[in-house]
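Please treat every number below as a calculation from the coordinates, not as lab data. Predicted, not measured: the structure shown is a model, and the values here were computed from it. With ideal geometry, Cβ positions are generated from the backbone for all residues, glycine too; neighbour counts draw on all protein chains shown.
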Amino acid sequence: MVNPNCIVIGILMGQHYLSPLFSPRSVAVIGASNRIESVGGVVFKNMLESGFQGNLYPINPGYLEIQGQRAYVSIEEIGEAVDLAVIATKAGAIPAIIEACGKQGVRAAVILSAGFSEAGPEGIALERAVVENARRYGVRLIGPNCLGIMRPSVGLNATFSNGGAKAGKLALISQSGALCTAILDWAQPNDVGFSSIISMGATADVDFGEILDYLVSDTQTESILLYIEGIHHSRSFMSALRAASRFKPVILVKVGRHEAGSKAAFSHTGALVGADDVFDAALRRAGVVRVDTIVQLFSAAKALSTRFHPTGNRLAIVTNGGGPGVMASDRAADLGVNIATLTAETIEQLNAVLPATWSHGNPVDIIGDATAERYRDAVTLCMQDPGVDGVLTILTPQAMTHPLQAAEAVIAVAKQFNKPLVACWMGEGQVAASRLAFTQAKIPSFRTPEPAVEILSFIAAYYQNQKLLMQTPGPLAQHRASDVEGARLLIEGALAEHRTVLNEMESKAILAAFQIPIAKTVIARSPNEALMLAEELGLPVVMKINSPDISHKSDSGGIRLNLGNAEAVRAAYHEIIQAVQLNRPNARIDGVVIEPMAVKPNGRELMLGVTTDPVFGPVITFSAGGIMVEVLGDRAVALPPLNSYLVRDMIARTRVAKLLGAFRHMPPIDMDALEGVLLRVSEMVCELPWIKEMDINPLIVDENGVIAVDARIVVNFPAPSAHRYAHMAIHPYPTHLISHWQLPDGADIVIRPISPEDAELEQIFVRGLSEEARYFRFMDTLQELTQNMLVRFTQIDYDREMALIAVLEQDDKEIELGVCRYITNPDGDSCEFALVIADEWQHKGIGLKLMNSLMQVAVSKGLKQMEGEVMGTNHAMLALVERLGFSISTSSDDVAIKRVVKVL
């Protein structure tokens with residue numbers, strides 16, 4: 001019997017709002033035709049031939065019958081409910097068509113027609129009218145100017161492509177209709193099947209984020225393939241992409257650069273970072289694999305859909321030919337894949353089973369007369385080696401070789417391990433049967449070594465990017481608090497004076513507000529003042545031009561270093577002013593900046609920067625510093641927020657990273673200090689949306705710490721928004737939502753947002769719930785959360801959902817007392833919530849406190865309504881929600897369920 005006093009409510013998600021698009025029960029083709037060469041004719045023919053399982057209605061007032069089916073004059077004439085309208089008419093008629101569809105209850109439409117935003121001002125106005133009509137009636141649109149959509153499992157082929165597609169587990173989303181047709185043509189002979197194919201077109205309404213949202217929960221989809229030319233809404237795209245890649249491999253082809261991102265930016269940091277770099281950084285944080293070609297797209301999808309679990313990028317190569325092994329090694333070096341160093345134990349074991357003439361290293365050349373047994377032994381030992389993350393096995397057909405037997409031996413070994421194994425059986429006729437065997441065993445196989453190594457690099461990238469996806473940067477508790485308010489006042493003061501470029505003094509003051517060590521700086525406006533200030537600071541000093549118009553001071557002759565006496569200081573003032581007036585006659589000059597000469601014999605000059613990408617918002621850059629930064633082109637970019645793991649990954653991706661350790665006579669730098677500065681820069685761009693660009697160049701770092709010698713910050717007013725982090729593509733961990741609360745018995749409770757690190761805490765919490773509590777929460781008798789459920793509950797997107805946990809610290813570890821969460825509904829205005837309190841902590845006010853906190857978060861996000869479903873026997877929960885002001889009614893779907901709703 002269920003305990004009526006359990007305070008538990010579960011989220012029961014209804015049918016996805018895009019279901020009428022992917023699983024329609026009825027389809028109307030508006031513009032269907034008997035002219036098979038027309039778009040409408042091809043679409044209707046495809047729908048007939050694909051075996052659509054629902055009702056199909058051709059609409060065209062010019063026909064009584066279309067391709068053997070009764071034709072209808074309009075959507076109104078059908079007289080039955082229609083889920084999906086596929087429109088292939090002239091663009092000018094479509095606003096009225098969408099209005100008619102909306103009035104008839106159509107919930108989704110695919111607009112194949114061109115003539116909209118790509119056609120100039122008139123087309124833009126026409127597209128706006130279409131979207132306005134669709135929104136008025138709640139019709140969701142794919143397109144316009146797209147190829148259409150396919151759902152092979154239900155016989156839906158609403159495209160004007162020649163031919164259909166085989167049903168499978170891959171979903172393809174593409175902005176290019178032409179590319180879709182090429183992929184479909186390639187897929188048929190290569191036996192590639194699809195769960196869905198979606199040509200996005202102009203994405204006037206439904207965008208990538210919404211399609212990804214649907215595919216995350218789609219049971220027919222195991223892997224997602226994307227072809228992207230540009231992104232409109234970075235936050236929704238990143239949010240959905242990160243959610244999807246937590247559960248399913250996502251492989252992406254991205255072409256071109258964003259137009260705005262390819263232009264030279266205002267500061268040299270902006271000029272260094274093209275939008276493609278930023279896109280790469282975004283994909284890394286989303287756990288996504290980026291490939292370059294269509295063949296790689298499918299090869300990577302097949303590889304990542306197999307049963308193995310990638311763990312790194314250390315590759316072992318087993319080959320019966322030295323040349324192919326070298327080719328594979330060279331390609332691995334090009335792609336950053338490490339050739340594994342085999343352990344002494346593995347070498348000894350290989351010596352026992354291989355001829356004395358084998359290579360005695362990696363690549364493991366097992367000699368041209370290699371038998372199937374020799375392949376079996378060598379591959380087995382390499383797979384067993386703890387320093388090997390994956391194996392590439394290569395065969396060249398030689399006189400003594402039996403390719404199929406060797407393939408069967410390798411296949412048998414692969415079944416014993418979960419490490420990636422890729423085969424390269426070179427040649428054609430003699431190895432055709434072997435390739436078929438590999439295909440049937442779901443082992444990726446290739447004709448040449450290079451693409452085989454590429455696939456292994458994608459597998460390694462997937463592993464690495466999945467680790468980056470897991471990172472949810474939290475508060476900088478180990479550092480002193482930053483003066484965010486002081487920095488904000490400095491910025492607003494400059495903007496009030498109509499200045500967007502902060503001078504060096506102001507820029508360094510911002511850095512100091514975030515605890516970044518700076519070189520003390522003063523401004524002199526005469527030679528005598530320069531001399532006096534230099535003496536106060538202590539010689540030697542550095543003198544630099546102070547001008548809002550000059551970024552590169554050395555290029556204008558505006559810098560002098562290591563000035564050690566009064567005469568040099570006085571002379572330097574005159575020289576700097578004269579040089580700048582000559583080289584930059586139009587530059588505004590406001591004296592000369594003076595600061596102590598940083599004498600650091602072991603110092604390395606670095607540059608930290610910030611730029612604003614037109615799509616993804618603030619981006620952090622790291623590179624070698626000084627005057628050679630543009631020439632060297634050695635930099636890494638990352639999207640904030642950052643944590644220590646992400647910072648170390650960013651630094652490691654540069655060549656200058658090799659100079660930060662012990663180098664010749666120099667000791668290693670203070671890496672903790674460098675990481676701390678990058679973390680503070682991340683905090684700056686999270687908390688100060690006014691910052692558009694920033695250069696700290698040089699940042700000098702040595703074994704004793706760091707110092708920012710020069711800095712420049714560009715600011716501007718952020719776009720108006722009610723959301724604290726609206727300027728960012730990735731929502732940071734919401735530190736500001738952490739609160740403390742004391743129970744009546746004196747117990748100190750912390751209420752905070754959940755994080756990925758709480759997976760074990762959440763598992764223990766659910767494991768400790770009573771059977772009744774688990775049943776109330778999950779409407780099921782599960783005993784323990786699955787790995788997927790743990791990921792789903794702890795790796796949340798703080799933009800679209802929120803989960804707050806109440807924890808108590810005991811014996812230096814946290815105990816979870818309760819959790820509540822909401823998930824935003826597709827309408828963007830309402831959310832569904834869940835709440836559960838540990839059995840022994842009920843009736844202490846924790847549920848009430850959590851719910852009040854959760855509702856405050858929902859209101860701050862602009863949500864207008866909170867909804868939930870409660871079992872009718874759960875009297876304690878019904879009493880709680882009634883106390884909170886929820887209205888209670890009986891569910892129309894199940895009389896045993898109560899629907900609870902609160903207007904926020």
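Structure above, values below:
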quantity	calculated
Angstrom value of the Kirkwood radius, inverse mean 1/r, which spans all Cα pairs in region 128-179	12.9 Å
Residues of type aspartates and glutamates that Lys898 reaches as a straight line, Cα spacing below 18 Å, ignoring anything fewer than 8 places off in the same chain	Glu772, Asp780, Glu832, Glu867, Glu869, Glu882
For Arg70, Arg135, order by how many other beta-carbon atoms lie within 10 Å, fewest first	Arg70, Arg135
Compactness of region 639-781 as Cα Rg over 2.2 N^0.38 Å, two decimals	1.51
Sequence of His309, His16 once ranked by neighbouring C-beta atoms within 10 Å, starting from the fewest	His309, His16
Selection of trypsin sites (Lys or Arg not before Pro), region 569-659, meeting DSSP coil and at most 15 other Cβ within 10 Å	Arg588
Packing-based exposure ordering (other Cβ within 10 Å, fewest first) of Met877, Met470	Met470, Met877
Most positive-pole-ward Cα, Ala119, Ala530, Ala568, against dipole of the chain from beta carbon charges	Ala119
All aspartates and glutamates inside 19 Å of Lys254 as judged from Cα atoms, apart from same-chain residues fewer than 8 positions distant	Asp207, Glu210, Glu229, Asp276, Asp277, Asp280, Asp292, Glu454, Asp613
Kirkwood Rh in Å, taken over region 510-637 so that all alpha-carbon pairs contribute	16.2 Å
Binned Cα-Cα distance frequencies in region 628-709 - 10 Å width, integer %	16, 48, 31, 4, 0
Volume of the Cα convex hull of region 78-202, divided per residue and given in Å³	101 Å³
Proportion of all alpha-carbon pairs of region 735-903 beyond 19 Å (%)	56 percent
Signed unit charges on C-beta, dipole axis of region 309-467, positive-most listed residue Asn465, Leu354, Val379	Asn465
Under-5 Å amide H pairs with Asn362, H placed in peptide plane, nonlocal only	Leu342
Under 13 Å, Cβ to Cβ, from Glu675 - net charge with Lys/Arg +1 and Asp/Glu -1	-2
Spatially proximal lysines relative to Lys520 (Cα-Cα < 26 Å; intrachain offsets below 8 disregarded)	Lys508, Lys544, Lys553, Lys600, Lys692
Local net charge near Cys382, Cβ-Cβ under 14 Å (Lys/Arg +1, Asp/Glu -1)	-2
Exposed-site-free run, longest, the chain (rule: GluC sites (Glu not before Pro); DSSP loop; at most 12 other C-beta within 10 Å)	498-783
Alpha-carbon Debye profile of the chain, log10 I(q)/I(0) at 0.07, 0.10 Å⁻¹	-0.73, -1.28
Assigned charges on the beta-carbon of Lys, Arg, Asp, Glu; the chain dipole about Cα centre (debye)	1020 debye
Hydrodynamic radius by Kirkwood, which averages 1/r over all alpha carbon pairs of region 309-467, in angstrom	15.2 Å
Environment charge of Glu567, counting only residues whose C-beta is closer than 13 Å and scoring Lys/Arg +1, Asp/Glu -1	0
